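Below you'll find the structure, written out as structure tokens, and then a few comments.
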Amino acid sequence: MTVHYVGVGEIGVGAKPDDVIRTLALGSCVAIVILDPVHRVVGMDHVALPDSSIDPSQAKGRPGYFADTGLPALLEAMVRCGASRDPRSLCVKLVGGALTLPAGTRFDIGKRNILAIKKLLWARGMGPLSEDVGGAISRTVDVDVEAGRVRISSPGRGAWEI
């Protein structure tokens with residue numbers, strides 16, 4: 001088994017049966033997980049912020065940091081590894097977007113990330129097949145290329161799949 005770690009603002013893609021794509025401790029960040037079940041390609045983007053307009057230079061160097069630049073970069077990285085360009089053949093799953101600041105705070109970046117990602121997906125004729133978003137918990141995500149499983153774990157809560 002080869003584990004590919006995806007840090008904040010990074011994109012990871014796996015196309016070998018023993019590949020696992022993993023990101024750790026999602027708080028307000030959101031993991032966009034895209035699976036191509038026919039070609040067995042899996043991709044993940046660890047999105048930190050919804051909109052690259054606040055730092056265009058960072059978006060050029062690390063497109064995965066922002067939802068609006070990360071999603072297209074993730075899809076292109078997957079195509080380079082053999083995934084289909086047809087959005088109808090891809091499965092999307094979302095994880096994260098927790099409220100990390102006290103309730104009632106106007107700066108709910110988790111919710112803003114989730115909404116930005118969903119709008120971008122919908123504009124491409126895509127939508128999440130399943131999701132585990134919101135709340136106030138930290139999540140670690142593992143995606144198994146061979147089985148296409150998305151496994152989530154959280155301290156004190158155990159593990160589950162979506």
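Every number in this text was worked out from the coordinates using simple rules, so none of it is lab data. On a predicted model such as this, the values are computed, not experimentally measured, just so you know. With ideal geometry, Cβ positions are generated from the backbone for all residues, glycine too; neighbour counts draw on all protein chains shown.
Kindly give the semi-axes, whole Å and largest first, of the ellipsoid equivalent to the chain, taking each as the square root of 5 times a Cα gyration tensor eigenvalue. Intermediate results must be reported in sequence, preceding the final value.
Values: eigenvalues 104, 71, 38 Å².
So the equivalent ellipsoid measures 23, 19, 14 Å along its semi-axes.
Could you work out [θ]222 nm for the chain from helices alone, using -39500 (n - 2.57) per DSSP H run of at least four and dividing by all its residues? Round to the nearest 500 deg cm²/dmol. Before the final figure, lay out each step's value.
Numbers: 3 runs with 35 residues, N = 162.
Calculated mean residue ellipticity at 222 nm is -6500 deg cm²/dmol.
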Along the charge dipole of the range 1-158, which of Leu129, Thr2, Ile32 sits closest to the positive end, that is, farthest toward it, with unit charges on the beta carbon of Lys, Arg, Asp and Glu (+1, +1, -1, -1)?
Leu129
In whole Hz, with x marking every Gly and Pro, tabulate ³J(HN,Hα) for the range 39-46 from phi via Karplus 6.51 cos²θ - 1.76 cosθ + 1.60, θ = phi - 60°.
8, 6, 10, 10, x, 9, 10, 9
Where a Cα-Cα gap under 24 Å defines reach, which lysines qualify for Lys93, not counting those fewer than 8 residues away within the same chain?
Lys16, Lys111, Lys118, Lys119
The chain: most fluctuating residue of Gly134, Gly97, Gly61 per GNM, C-alpha cutoff 10 Å:
Gly61
Using Cα pairs closer than 8 Å and at least 6 residues apart in sequence, work out the relative contact order for the range 2-161, in percent.
27
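Largest first and in whole Å, give the semi-axes of the range 82-157's equivalent ellipsoid, each being the square root of 5 times a Cα gyration tensor eigenvalue. Before the final figure, lay out each step's value.
Details: eigenvalues 128, 68, 10 Å².
Equivalent ellipsoid semi-axes, largest first: 25, 18, 7 Å.
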Part-to-part distance (alpha-carbon centres) for the range 75-148 and the range 15-30, which is given in Å:
12
For the chain, the dipole about the Cα centre with charges only on Cβ (Lys and Arg +1, Asp and Glu -1), to the nearest 20 debye, works out at 260
Just to be sure I understand: with springs between alpha-carbon atoms less than 10 Å apart, which residue in Lys93, Lys119, Lys60 has the highest mean-square fluctuation in the Gaussian network model of the chain?
Lys60
Mind sorting Thr2, Thr100 by how few other Cβ atoms lie within 10 Å of their own Cβ, fewest first?
Thr2, Thr100
Pull out the extension gain between Arg149 and Cys91, defined as 0.36 nm times the separation in residues minus the alpha carbon to alpha carbon distance; nm, one decimal.
19.8 nm
